[in-house]
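Undergrad: Quick one: the structure is below, and I'll ask about it shortly.
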Amino acid sequence: MVEGENLNEVVNLVTKTIISAADDSIPKSGLSFPKNRKPWWHKYCTDTNRDQRRAWNVFRRHPTSANQIAFQRAKSIARWARRKSERGYWIKFVSGINYSVTAKDMWDNVRRACGIYPEKRISCLRKNGQEVRNISDMV
């Protein structure tokens with residue numbers, strides 16, 4: 001039984017004890033990497049995609065011809081925005097290729113434009129208080 005003068009103090013003490021026990025015993029997952037977007041993806045692409053989804057939800061719930069036309073229009077605008085953005089990025093990339101650009105940098109940009117990013121690996125892991133850097137030892 002926990003003793004205390006004030007009920008709020010007792011509740012806070014029990015809450016802190018439970019939270020500290022949970023922090024000590026529940027493992028944390030901490031390596032959440034952000035999603036790699038394509039470099040040509042802009043806010044306008046996001047906005048038109050959102051408008052397309054909204055129009056689709058309206059059409060799905062109320063399938064009228066007016067809603068279908070609105071959805072098809074939003075879909076074509078989103079497709080146009082994506083294509084325009086990708087084309088503009090590609091033109092800018094190709095016009096920037098010259099003698100000073102290394103082949104590695106060029107191919108890294110091509111992969112990035114295609115949405116292919118290098119793997120993000122854990123470089124170091126602590127196991128029994130010791131740092132493990134070898135991938136086979138991490139498993």
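The values are calculated or read from the model by the stated rules, or taken from the named source; none is laboratory data. Small disclaimer: the values here were computed from a predicted structure and weren't measured. Neighbour counts run over all protein chains shown; Cβ positions are idealised from the backbone, glycine included.
Undergrad: Hey, does the stretch 27-36 have a residue that's under 24 Å from Arg87 (Cα atoms), assigned to a loop (DSSP other than H, G, I, E, B) and at pLDDT below 85?
TA: Checking the stretch 27-36: at least one residue is under 24 Å from Arg87 (Cα atoms), assigned to a loop (DSSP other than H, G, I, E, B) and at pLDDT below 85.
Undergrad: Do we find that Ser65 is of a type in the set (Gly, Ala, Ser), modelled with pLDDT of 95 or more and loosely packed, with under 13 Cβ neighbours inside 10 Å in this structure?
TA: Answer is yes for this residue.
Undergrad: Just a yes or no: is a residue in the stretch 59-68 of a type outside the set (D, E, K, R) and under 24 Å from the mean Cα position of the chain (by Cα)?
TA: No, there is no match, as no residue in the stretch 59-68 is of a type outside the set (D, E, K, R) and under 24 Å from the mean Cα position of the chain (by Cα).
Undergrad: Would you tally the residues in the stretch 71-116 being aliphatic (A, V, I, L, M) and at pLDDT 95 or above?
TA: Number satisfying all stated conditions: 4.
Undergrad: Identify, please: which residue in the stretch 37-73 is among the aromatic types (Phe, Trp, Tyr) and in a loop (DSSP other than H, G, I, E, B) and is, among those, farthest from Lys92 (Cα to Cα)?
TA: Among those residues, the one meeting the criterion is Trp41.
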